[in-house]
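See below for the structure under consideration.
Any read-out appearing in this document is the output of simple, stated calculations on the displayed coordinates, not a laboratory observation. It should be emphasised that the depicted structure is a prediction, and the values quoted were computed from it without experimental measurement. Here Cβ is always computed from backbone atoms with ideal geometry, including for glycine, and neighbour counts include all displayed protein chains.
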């Protein structure tokens with residue numbers, strides 16, 4: 001973004017910090033604080049796409065996720081909404097202002113870290129072996145998925161939530177693994193699209209169909225769209241201009257219309273089993289994206305240094321465990337937050353069914369460490385994501401299938417920890433395994449080819 005942009009961002013963060021603290025004192029102005037904070041965030045994100053294109057496209061899923069949380073918070077603090085999972089009507093607290101402040105800190109640090117690692121790289125198409133592996137894997141996953149629907153049916157036509165379907169109905173582990181690999185296959189097919197367009201396009205469409213039949217309604221399709229923008233825009237060095245923005249807006253409208261219709265159909269199909277009007281279910285689904293932070297923020301009294309820091313020992317005890325019993329999960333991570341902001345009977349039912357709220361972070365950090373502690377934690381998380389983002393950029397530009405898969409998995413672990421709020425999602429043996437695979441792979445690769453950071457430097 002440049003030195004001038006960095007200075008402006010620092011001033012914006014300081015300004016948000018002042019408003020965040022003032023919102024505790026001047027409660028009558030919290031709605032105005034929220035609107036101003038949202039406008040600051042909007043201006044910052046626009047500047048990112050304008051002056052920090054590479055970082056913006058790599059971090060696109062996180063940027064969109066922020067909008068997915070900020071907008072519901074802005075709406076339901078302005079206009080009271082009954083949230084079923086909280087059994088509460090929302091009201092203005094200033095939570096959005098504080099949330100935007102913390103997320104601005106994260107993105108600023110992540111951007112600085114990303115741009116300090118300079119890697120000279122240009123687009124390299126995948127070789128024949130990589131293309132064949134990607135297409136073969138995608139074809140196999142699609143076949144196995146359709147076999148699963150033949151055996152177990154589709155939750156879309158069985159008046160069933162996907163959590164129930166994949167948690168209780170589907171018992172074949174191979175079918176479950178195939179479902180888990182859909183997003184990976186979608187990403188790999190984006191690499192083969194330039195060289196094997198017809199085959200890749202057909203398989204991408206089939207993956208979308210399989211995802212719909214699997215009961216997913218919104219999040220995976222948003223993820224697919226974000227992946228496409230990241231890979232395609234970076235590899236083709238596409239710059240944002242008026243024509244591109246019009247296409248993006250039009251595509252977004254089509255996407256929201258299709259997913260909205262799908263959600264309406266699915267929830268209407270479920271109405272025989274759930275005594276809640278379908279419109280309320282849709283509104284509740286939107287509000288749920290921002291409910292966790294809002295609810296915990298008002299439950300935890302303004303504390304510069306948290307009084308709950310000793311409870312963090314429970315989180316540490318879960319790190320690098322092979323299995324977590326439900327009795328343990330109940331007092332850590334997102335389920336811990338759910339116990340604070342929701343009713344015990346609902347949490348117990350959700351825990352039994354494997355259902356969770358969303359966006360447990362940075363709420364969990366605020367609970368454990370308070371205002372100052374979460375500020376420092378956001379700096380650490382920003383550093384981690386900055387390093388991961390630069391590595392992902394290198395993998396995308398080199399069409400490196402192995403490195404992309406491993407980094408995607410680590411990205412999932414990062415999201416589980418610093419998105420959902422389950423820190424054990426990062427501190428586990430799977431993370432170590434993928435890091436070892438990356439290290440071993442790069443060692444072999446650098447031995448056979450040129451070094452990873454050829455003509456690169458760290459500023």
query = If you count, for each residue, the other Cβ atoms within 10 Å and average over each peptide, how do 383-389, 138-144 line up from highest to lowest?
reply = 383-389, 138-144
Kirkwood Rh (inverse of mean 1/r, distinct Cα pairs), the chain, angstrom = 23.5 Å
ask   = To the nearest 500 deg cm²/dmol, what mean residue ellipticity at 222 nm is calculated for the chain from DSSP H runs of n ≥ 4 alone, each contributing -39,500 (n - 2.57), summed and divided by the residues?
value = -23500 deg cm²/dmol
task = Quick one: check the C-alpha center-to-center distance for the range 412-426 versus the range 353-410, whole angstrom.
result = 7 Å
query = In nm, what is the difference between 0.36 nm times the number of residues separating residue 116 and residue 32 and their Cα-Cα distance?
reply = 26.6 nm
query = Using the alpha-carbon centroid of each, what span in Å lies between the range 168-214 and the range 5-27?
reply = 43 Å
ask   = Expressed as a whole number of Å, what is the distance separating the alpha-carbon centroids of the range 105-146 and the range 28-48?
value = 33 Å
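Students often check this: by mean Cβ neighbours within 10 Å, which of 146-157, 57-68 ranks highest, and how do the rest follow?
Result, highest mean Cβ count within 10 Å first: 57-68, 146-157.
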request  = Counting only C-alpha contacts under 8 Å and six or more residues apart, can you give the relative contact order of the chain as a whole percent?
outcome  = 23 percent
Stokes-Einstein D in µm²/s, Kirkwood radius over Cα pairs - the range 124-236 at 25 °C with 0.890 mPa s viscosity = 168 µm²/s
query = Listed highest first by mean packing, meaning other Cβ atoms within 10 Å per residue, what order do 404-410, 435-441, 346-352 come in?
reply = 404-410, 346-352, 435-441
query = From largest to smallest, what semi-axes in whole angstrom does the range 67-154 give when each is the square root of 5 times an eigenvalue of its alpha carbon gyration tensor?
reply = 42, 31, 8
